[in-house]
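Okay, structure first, notes after.
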Amino acid sequence: MTRIFTYYGPLDIGSAFSSRQEVGQWIEYMVKRLNKIVLENKREDFIPPVVYSGKGKVFNFDYNFLVNCLDDYHDNVGIKDDFFLTNNPSKTVIKNGLFLVTSLLDDYYGIVRIRQQTLDISRVRTTKVVEIKDRFYNILAIANGDNVRRFSAVPFSASEVKKIVSDSTYNLLESISNRECFEQVIFGIAQYSE
């Protein structure tokens, strides 16, 4: 029996994923789309919208690629209109992204690792309040030769993804995103601003 998903607004996105298995099916869909993009692009310096980070042991999915796939996966129901990042996103789009990534995929399902769980205050010598802002993506830039691509990267835990997708899907994702020619040249807003 196929479950019917109805989308009226951003908070309905929670009902799109009623189980980890459904999140896994969506990831499988994203990997199929990713493979199609890679097969269609013949440039040697091509950088796909997902890259693997060995340091963090995460697959960094570009946020807008993720949103496009989510909208397509649910038959273009309007998710993209409410979640897609532009150069100057509205506060509502940012709230929607926080809900999708931090509340649903990180806190609830534990598949994404974006929240800072600990803070080393030994280096902070101040009596001022230290604010830790929530975010739903990391800014990073990947280079492949002279080609550089900026990511609004959503870090999916490789170990958690492996638990909820087929072995063939996981191996395909790894083969596409984990290549020696991909070099991370920027991580974080401070380096990006420079």
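Round to a whole angstrom and tell me the spacing of the C-alpha centers of region 5-39 and region 154-172.
Taking the Cα centre of region 154-172 as reference, the centre of region 5-39 is 14 Å away.
Rolling a 1.4 angstrom probe over the protein heavy atoms, how many square angstrom per residue are accessible across region 13-182? Walk me through the numbers on the way to the answer.
Values: 9410 Å² over 170 residues.
So region 13-182 comes to 55 Å² accessible per residue, rounded to a whole number.
Please go through the residue pairs 95/162; 32/163; 36/95; 36/57 and name each one whose alpha carbons sit more than 20 Å apart in this structure.
Numbers: 95/162 29 Å; 32/163 18 Å; 36/95 31 Å; 36/57 24 Å.
With Cα atoms farther than 20 Å apart: 95/162; 36/95; 36/57.
Considering all projection directions equally, how large on average is the shadow of the alpha-carbon convex hull of region 13-182, in square nanometres? Numbers along the way, then the final one.
Working: hull surface 47.0 nm².
Directional mean of the projected Cα hull area for region 13-182 stands at 11.8 nm².
How high is the FRET efficiency from residue 143 to residue 40, r the C-beta distance, R0 25 Å, rounded to 0.05?
Working: r = 22 Å, r/R0 = 0.86.
With R0 = 25 Å, the Cβ-Cβ based efficiency is 0.70.
Starting from 0.36 nm per residue, how many nanometres of slack lie between residue 103 and residue 12 once their C-alpha separation is accounted for? Intermediate values should be presented prior to the final figure.
On the way: separation 91, 0.36 × 91 = 32.76 nm, distance 1.31 nm.
Length gained between residue 103 and residue 12: 31.4 nm.
The values are calculated or read from the model by the stated rules, or taken from the named source; none is laboratory data. Computed from a predicted model, the values in this text were never measured in an experiment. In this analysis, Cβ positions are derived from the backbone assuming ideal geometry, glycine residues included, and neighbour counts consider all displayed protein chains. In case anyone asks, the SASA skips ligands and DNA or RNA and just uses the protein heavy atoms, side chains included. Shrake-Rupley method; radii C 1.70, N 1.55, O 1.52, S 1.80 Å.
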